[in-house]
Amino acid sequence: MLLLALGALLLLFCSLDVWYFLRGAQVFIQAWFQPRIRDILAEQSIEGMVLPHDLDYLGHMNNSRYLRECDFARFHHYMRNGLFMASRKLGAKLVVGASTIRYRRSLVFREAFEIRTKVLGWDEKAFYLEQRFVSKKDGFVSAIMLCRQNVVHCSPETIIEFICKKKVRECPEFPEDLKHWMNFIAASSQALRAESGLEGKNK
């Protein structure tokens, strides 16, 4: 019986990224019991530490782990400011449409850090967020990420109005670096549509 249980457990770990789902559950529970943040634009933070399974061959935090940690930080952010529950009630889905990360200094084994997440603004199709990895050792920004969170089957404005129970306030002006990044995304999309012969159909 013990061998069967161990075999089933091994099969589960081989078939699914079990730690991902466990971490997601932990973030959900943590955010559920924390106070709500009423300001959609307020910065929030979540703490972390570089563990053995985060490391690459050089002993640094693996590049892909930064993106994974950003996923959890955004989920925590949406839970606390109401975006997650509001989108579910409205039948909307929040999916990543684009992301860019810049690495400035490696995070090493057992180094504590926090991820600071904030919504920079929105347009008719997506929210735009900035996420920073800040070392707890000296406050250095080790990495910074921009993320476009597409809203499917709804609009950002509708979600915000649902949360605030009033007409949405004007979106803040986008920072210059975000404007350049949005232009890059638009140019890339246009080039790919032209490459696929779809440019004329989307006009």
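The table below gives the values:
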| read-out | value |
| --- | --- |
| Qualifying residue in the stretch 121-143 (condition: among the hydroxyl-bearing types (Ser, Thr, Tyr) and either outside any strand (DSSP E or B) or over 20 Å from Ser45 (Cβ atoms) (or both)) | no |
| Answer residue from the stretch 124-164, given it is basic (Lys, Arg) and over 12 Å from the mean Cα position of the chain (by Cα) and is nearest to Asp177 (Cα to Cα) among those | Lys125 |
| Residue within the stretch 40-52 that is crowded, with 18+ Cβ neighbours inside 10 Å and without any contact (Cβ under 8 Å) to a residue 40 or more places away in the chain present | no |
| Residue list for the stretch 74-101, restricted to those being closer than 18 Å to Leu178 by Cβ and not in a strand (DSSP E or B) | Arg74, His77 |
| Any pair with Cβ under 9 angstrom, 6 or more apart, that starts in the stretch 56-73 at a residue that is assigned to a loop (DSSP other than H, G, I, E, B) and ends at one that is surrounded by 18 or more Cβ atoms within 10 Å (Cβ to Cβ) | Asp56/Arg65; Asn62/Asp54 |
| Tally of residues being open to solvent by 10 Å² or more (accessible area, probe 1.4 Å), among the aliphatic types (A, V, I, L, M) and under 11 Å from Ala31 (Cα atoms) across the stretch 69-99 | 1 |
| Qualifying residue in the stretch 162-180 (condition: within 30 Å of Met61 (Cβ to Cβ), outside any loop (DSSP other than H, G, I, E, B) and open to solvent by less than 50 Å² (accessible area, probe 1.4 Å)) | yes |
| Selection count where residues are buried (at least 22 other Cβ atoms within 10 Å of the Cβ), without any contact (Cβ under 8 Å) to a residue 60 or more places away in the chain and not aliphatic (A, V, I, L, M), scope the stretch 129-161 | 1 |
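The values are calculated or read from the model by the stated rules, or taken from the named source; none is laboratory data. Just so we're clear, the structure is a prediction, and the values are computed from it rather than from any experiment. Glycine gets a Cβ as well: all are built from the backbone with ideal geometry, and neighbour counts include every protein chain shown. The accessibility values were calculated without ligands, DNA or RNA, using every heavy atom of the protein model including side chains. Shrake-Rupley method; radii C 1.70, N 1.55, O 1.52, S 1.80 Å.
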